[in-house]
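Student: Next up is a structure, given as structure tokens.
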Amino acid sequence: SMRRTLYRRAPKWQAPSRSPRKARRLGKLALIGAGGVGGNIAHLTSRADMAEEIVLIDIAPGMAAATALDLNHTSGITGAAGRCIGGETLDLVSGAEVIVVTAGRARSPGMTRADLIDVNARVIRQAGEAIRSEAPNAVVIVVTNPLDEMTTEMLRVTGFPRERVLGMAGTLDSSRFRNALAMMAGVSPADVDAITLGSHGEEMAPIPSRATIKGRPLNVFLSEEQVKACVKDAITGGGQVVALKKSGSATIAPAHATIELIDHMRGARTGPVPVSVMLNGEYGIDDVVLGVPAHLGQGGMIKIEELRLTEAETAALHTAADAIRTRLAT
Ligand code: LMR
């Protein structure tokens, strides 16, 4: 069948590698939300001079303007030519090429990400309306939780094609999975390929069958129990940070994961990267935003990669799709 052929041809999962090509600099990068994650994204992108202009937007009075000023004060050291500006109103997204949305509440210990659905949907609606009217050609990267549901909401409000509304989470979850496997096996993360699919929530689906250590299957290096512990670490990683902080969630790994997507869009990285996108039949799933590997380019998502999965892994993806559908319906 068609699906069989697809699966047979699908490449093994490989971690994205640095491209030898010269990366393109972005025009305007707008960050809606200049808290922990947004601030770190601004810091990393300005230091690497990834955009001509970085705009920070936050409702906290003076916050975004102060961070922008602080960042501009680094240019005498970094030599970065990109300018940062900050303000409190959403019209500042005007003409942005890429918009990253981190605004909204973070969960507290004991909460699931899904508990944030109502409060953060309001934030996404406001942001989405401004994006639709002020930056109709932008690619939007959603970071606000619950990730898959908020990405769905952003798609709905902007009316953008699925190529231009991406959720950042798979890259983060895959990095956590890869880190856990590397620590457990006592090898460098560079020796580990691993990917996590599905929701960025309770139904996350790390994919051990596609993971390798030094190019070999996991069972060459790790017991079944050890692999299970790594899968659990990937799923609970965000919650572990929340539990330690007591107030607020992770800010560093989510920022790096977002920049990984931006790097793919500007040609600094090539190969498939895990990202949350609307599925139109891929993996046998229709009309749900879910984490899958995809190729990205200047205009956002180019192509979804269909990996061959085990029956259990496919079932886990479908379970995630059903859970997201249910949460959006209620
Ligand atoms: C994360 O995974 O770090 C984020 O989704 C924040 C959270 O609530 O865990």
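The values are calculated or read from the model by the stated rules, or taken from the named source; none is laboratory data. It should be emphasised that the depicted structure is a prediction, and the values quoted were computed from it without experimental measurement. Reconstructed Cβ throughout: ideal geometry from the backbone, glycine too, with neighbour counts over all protein chains shown.
Student: Taking Phe160, is it under 21 Å from the mean Cα position of the chain (by Cα), part of a loop (DSSP other than H, G, I, E, B) and either modelled with pLDDT under 95 or aromatic (Phe, Trp, Tyr) (or both)?
Tutor: yes
Student: Just to check your reading of the model, which residue among Ala180, Ala229, Ala243 is within 15 Å of the ligand (Cβ to nearest atom) and over 20 Å from the mean Cα position of the chain (by Cα)?
Tutor: Ala243
Student: Can you tell me which residue within the range 136-157, out of those that are within 23 Å of Ala34 (Cβ to Cβ), in contact with a strand residue (DSSP E or B) (Cβ under 7 Å, 6 or more places away or on another chain) and not hydrophobic (A, V, I, L, M, F, W, C), is surrounded by the fewest Cβ atoms within 10 Å (Cβ to Cβ)?
Tutor: Thr144
Student: If the Cβ limit is 6 Å and pairs must be 6+ apart or interchain, which residue in the range 169-191 that is more than 30 Å from Val101 (Cβ to Cβ) and small (Gly, Ala, Ser) pairs with which residue that is within 16 Å of the ligand (Cβ to nearest atom) and not in a loop (DSSP other than H, G, I, E, B)?
Tutor: none
Student: Is it the case that some residue within the range 87-108 is surrounded by 18 or more Cβ atoms within 10 Å (Cβ to Cβ) and either polar (S, T, N, Q) or at pLDDT below 95 (or both)?
Tutor: Yes, there is a match, as at least one residue in the range 87-108 is surrounded by 18 or more Cβ atoms within 10 Å (Cβ to Cβ) and either polar (S, T, N, Q) or at pLDDT below 95 (or both).
Student: Also, I was wondering about something else. Can you tell me which residue among Thr74, Thr45, Thr78, Thr67 is β-branched (Val, Ile, Thr) and touching a residue at least 60 places away in the same chain (Cβ under 8 Å)?
Tutor: Thr45
Student: Let me ask something else. Can you say whether Ile117 is buried (at least 19 other Cβ atoms within 10 Å of the Cβ), under 20 Å from the mean Cα position of the chain (by Cα) and either within 16 Å of the ligand (Cβ to nearest atom) or not in a helix (DSSP H, G or I) (or both), as far as the supplied structure shows?
Tutor: Judged against the criteria, Ile117 is not a match.
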